[in-house]
Amino acid sequence: MPPFLCRPAASPGPARGVFVLVARAIIGCALALLSHGPAQAAGSGSPTLDAVRARGVLSCGVAGNAAGFSLPDSQGVMQGIDAEGCRAIAAAVLGDQRKVKFVPTTTENRFTALQSGEIDVLVRETTWTLGREASLGLEFGVINFYDGTGFMVKKSSGVTSAHDLDGATICVEPGTSTELAIADYFRVNNMKYTPVEIQDLQEIHNAFLSGRCDAYSTDSSALAGFRFTQGAHADDFLLLPELISKEPLGPMVRKGDDKWFDIVRWVSFAQITGEEYGVSSRNIENFTNTTNPDIRRLLGIEGNLGEALGLDNRWAFNILKQVGNTGEVWNRTMAPLGLPRGLNGLWNRGGLMFAPPLR
Amino acid sequence: MRVLRDGRGDMARRFVSPLITLFLSLLLALGAWRFFSWALWHAVWTLPPGSNTDLCRAALGHGACWAVIGEKFRFILFGFYPYAQQWRAALVILCFITLFALSLSQRFWRPSLALIWGSGLVVIAILMWGGVFGLAFVPEDQWGGLPITLLLATLGLAFAFPLAILVALARRAEGLPVIRWLAIAYVELIRGVPLISLLFMASVMLPLFLPNGWNIDKLLRAQLAFVLFAGAYLAEVVRAGLAALPRGQYEGAAALGLSYWQATRLIILPQALRHVIPMLVNTFIGFFKDTSLVLIIGIFDLMTTGRTATMEPAWQGFANEVYLLLAAIYFGFCFTMARISRRLEQRLSAPHHSIEEPA
């Protein structure tokens, strides 16, 4: 409670008696509220898992305004890689990918929403940094998207690599991490550039299209989205292969609930493993009689991996059947934006998506 | 006017004024011509089914793309409300419009109007939530679009107005220093901070004060912030009305032997409120538009759904069309309120002209 609300209780005067009464009522009320802490059911040992099960629906914080990550379509259904992440957790925990309550959060209230328990998990294209993990009381479960600062140029310029950009003018949004990344990159590579700083997204796009700058720089996923909006002219633009900063995005959970942390991270691993073994939502029924022990463990035909997590043994089966593996999710969400798989591919195909063994 | 009578004045009247008129008319005509050329003649009204938005992109800059409204109007109006159930949200909007229209008509200005509003709100609650009469239950987090705007504004004002009257009376209660002091503190505290910070308080700080598991719905928190905010502003308007009343009215009421509440209800408030109808409605209208600020705390009101509708890459760049639609909707409601205010003034002020200030 902010201190100014308490001050009247201490102020002397004829009204003092009333204020003392009011203050006592407020404090009493606060104490009554505080003593009614979170229900610590003996159930699974994870308060978040218990809460989700009791509620019957996963409360999942998303952005709600980022194409490819989480954005409602024309029918009001949330689409994107983050939205699918929420659905996969719901499929694993509740057995039904539809049991998700999407909570749109802003950059300002996203961490509070998680800290206060309003949401069970935050899947909101949030960059994993030391500062955030060390200071917020929250932790990142896994990386669901490897983003990074990139450059887009017009194909007609003949530029094919960021190293060709010496002396270029670059459109950039002021005050972003992109601005810092570009400054560092050009300094390290001993090149010169002229920044054109524009706040509004639409204005940046117009400036780049009209030729006011040679290159447009922001997160590579946003650049791909921009290229996509050019429709028939999309092929006139080139996303340069270099990513000059690391922006690993992933779901966050509260610290101190290790079982829930495990679930969130292994849901992602199950999807990666599914793609690795070629198990998808379309062909998963064909694997019910498989002899491959890895797939049998993954699908819960053999072993008790699901129960070890505190879930049903068919947890991964439900994820893969209802949501699909990492590749399917990618093809539904990011591929339509024209984004190359790149770092987000499987580890054995040149990407960074790697899952520890499920056994 | 006297200046115009000399020679130079005649010159100005004969030559300069017509020139200015001509110039301004031409400017206006040019603007109108360009607008209609954009909005009508070169506009793309529909896209062939299943096609992409290239047709619209080709017209970008010289023709409007009304196809974006056709594609997105259901999301803009209803947000995340389940697609198959959106007829219910449409009925809710119709209910609100009917209620406003009834309030506009003098025939319904009697106590039963309160009853009509009461039952109207019950019908609206049943339609929005469902869960009875075979309607599927739709939780608040799936509400969005115009119903949210209308609910926030209508309920906000419905609760803020009585609060404002009580606070205004309390501020003038000379004999009750504690209550008077509290009322002043409330008004000054709320007026002293921007609405945005109140919304942030409700959205970000309030959840931290409450223990885990105690979650007040985000919509309700925003609604509370609005009631508090509107209450403080309306209280000052009502206080102005009270202050404008001649002292004789209070003394006359007391002389008739009326109690404080009788005098307030029968003599003071009817006159005081009549004086400030334009200011009240001014506050109402400002407040109706202020509801669009909830976009910064992640509630999908009409403004937010409109902005989100053009974030999908395929439809990026057609925000002007959507903003025009939003402007038309906001104008419709605000203009209606202004008309209601005008009629109230005409009807209430006409027969009572003869109240005179005692010398």
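The values are calculated or read from the model by the stated rules, or taken from the named source; none is laboratory data. Since we're looking at a predicted model, the values are computed, not measured. Using ideal geometry, Cβ is built from the backbone for each residue, glycine included, and neighbour counts are taken over all protein chains shown.
Points to keep in mind about this one:
- Of the residues making up the stretch A:84-99, those that are surrounded by fewer than 24 Cβ atoms within 10 Å (Cβ to Cβ) and of a type outside the set (D, E, K, R) are A:L94, A:G95, A:Q97.
- Annotation: of all residues in the stretch A:115-134 being among the hydrophobic types (A, V, I, L, M, F, W, C) and more than 10 Å from every other protein chain (Cβ to nearest Cβ), the one that is nearest to A:L249 (Cα to Cα) is A:W128.
- Counting the residues of the stretch B:86-105 that are modelled with pLDDT of 85 or more and small (G, A, S) gives 2.
- Among the residues of the stretch B:113-147, the ones that are touching a helix residue (DSSP H, G or I) at 6+ places or on another chain (Cβ under 7 Å) and in a helix (DSSP H, G or I) come to 11 in all.
- All helices (runs of 4 or more DSSP H) inside the stretch B:156-219 with 1 or more residues being more than 9 Å from every other protein chain (Cβ to nearest Cβ) and at pLDDT 90 or above: B:177-191
- Subset of the stretch A:311-359 that is under 29 Å from B:A314 (Cβ atoms) and among the polar types (S, T, N, Q) - its residue that is surrounded by the fewest Cβ atoms within 10 Å (Cβ to Cβ): A:N331
- Subset of the stretch A:325-352 that is in a helix (DSSP H, G or I) and among the small types (G, A, S) - its residue that is nearest to A:L71 (Cα to Cα): A:A335
- Looking only at the stretch B:29-77, residues that are over 30 Å from the mean Cα position of the chain (by Cα), in a loop (DSSP other than H, G, I, E, B) and not aliphatic (A, V, I, L, M) come to 12 in all.
- Conditions (1) touching a residue at least 40 places away in the same chain (Cβ under 8 Å); (2) among the hydroxyl-bearing types (S, T, Y); (3) surrounded by 13 or more Cβ atoms within 10 Å (Cβ to Cβ); number of the one not met by A:S156: (3)
- The criterion of at least 1 residues that are more than 15 Å from A:T326 (Cβ to Cβ) and under 26 Å from the mean Cα position of the chain (by Cα) is met by the following helices (runs of 4 or more DSSP H) wholly inside the stretch A:254-315: A:258-276, A:305-309.
- For the stretch B:261-352, the helices (runs of 4 or more DSSP H) that sit wholly inside it and include 3 or more residues that are within 30 Å of A:L223 (Cα to Cα) are B:302-309, B:319-349.
- Considering the stretch A:220-241, and only residues there that are facing chain B (nearest Cβ under 9 Å) and in contact with a Ser or Thr (Cβ under 9 Å, 6 or more places away or on another chain), the residue that is surrounded by the most Cβ atoms within 10 Å (Cβ to Cβ) turns out to be A:F226.
- Restricting the stretch A:193-209 to residues that are closer than 21 Å to A:K155 by Cα and not in a helix (DSSP H, G or I), the residue that is nearest to the other protein chains (Cβ to nearest Cβ): A:V196
- Filtered residues of the stretch B:71-104 (kept if small (G, A, S), touching a Phe, Trp or Tyr at 6+ places or on another chain (Cβ under 9 Å) and within 10 Å of chain A (Cβ to nearest Cβ)): B:G79
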